[in-house]
Amino acid sequence: MSTLLAKVENGVLILSASIMCLIAFLNVISRYFFGNSLAFTEEITINLFVLLTFVGAAVGVREKAHLGFTLVFDKVNESLKRALVLFSGLIVIIVFALCAYYGAMMVQFQMMTNQMTPALGWSQWVFTIGFPAGCVLCVIRAIESMVKELKILKTESD
């Protein structure tokens, strides 16, 4: 499951970044040759950037590429290390779970009120769903990372 999820995450990142680059290129060509910019491109680019950010955050947790300050962690005993891993993991999980919940509530509200995007006239929830989906990926990866770290600490202490 983890490798399938990794492939989905990587695919979303590649696809969204590629679409953003293509749209930006087309917008430059349109402005240069036709003197008009494509108004809808900003709407798509911003929403793809949100998706890219949260899926990228999940990949960062998966790859342990997030910033960390380990001075205190490195100096404490094994039981306190486990407590710190649990505490920090739970904080990350809670924050992203709350963001996913309120993001889902926002999507639900946009669906109920039939909100449309200004330039394209598409349903707003189509773009907004990237936020709670990315947060759910972050929760999954934070749980996975916390379990791996606890297993590593257990093998080190044995």
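The values are calculated or read from the model by the stated rules, or taken from the named source; none is laboratory data. It should be emphasised that the depicted structure is a prediction, and the values quoted were computed from it without experimental measurement. Glycine gets a Cβ as well: all are built from the backbone with ideal geometry, and neighbour counts include every protein chain shown. The area values use the complete protein model at the heavy-atom level, side chains included, leaving out ligands, DNA and RNA. Shrake-Rupley method; radii C 1.70, N 1.55, O 1.52, S 1.80 Å.
Scanning for something within 19 Å of SER145 (Cα to Cα) and free of Cβ contacts under 8 Å to residues at least 60 places away in the same chain, does segment 10-21 turn up at least one residue? Yes, because at least one residue in segment 10-21 is within 19 Å of SER145 (Cα to Cα) and free of Cβ contacts under 8 Å to residues at least 60 places away in the same chain.
Counting just the residues of segment 115-133 that are within 15 Å of THR45 (Cα to Cα) and of a type in the set (S, T, N, Q), which one comes out nearest to the chain's Cα centre (by Cα)? Looking at the filtered set, the residue picked out is THR128.
Selection of segment 134-153 for residues being under 12 Å from the mean Cα position of the chain (by Cα) and open to solvent by 50 Å² or more (accessible area, probe 1.4 Å) yields VAL136, ILE140. Could you tell me whether segment 31-48 includes any residue that is closer than 25 Å to SER157 by Cβ and acidic (Asp, Glu)? No, segment 31-48 contains no residue that is closer than 25 Å to SER157 by Cβ and acidic (Asp, Glu). Highlighted here are the helices (runs of 4 or more DSSP H) found entirely within segment 1-117 that include at least 2 residues which are exposed (fewer than 13 other Cβ atoms within 10 Å of the Cβ): 2-29, 71-75, 78-112.
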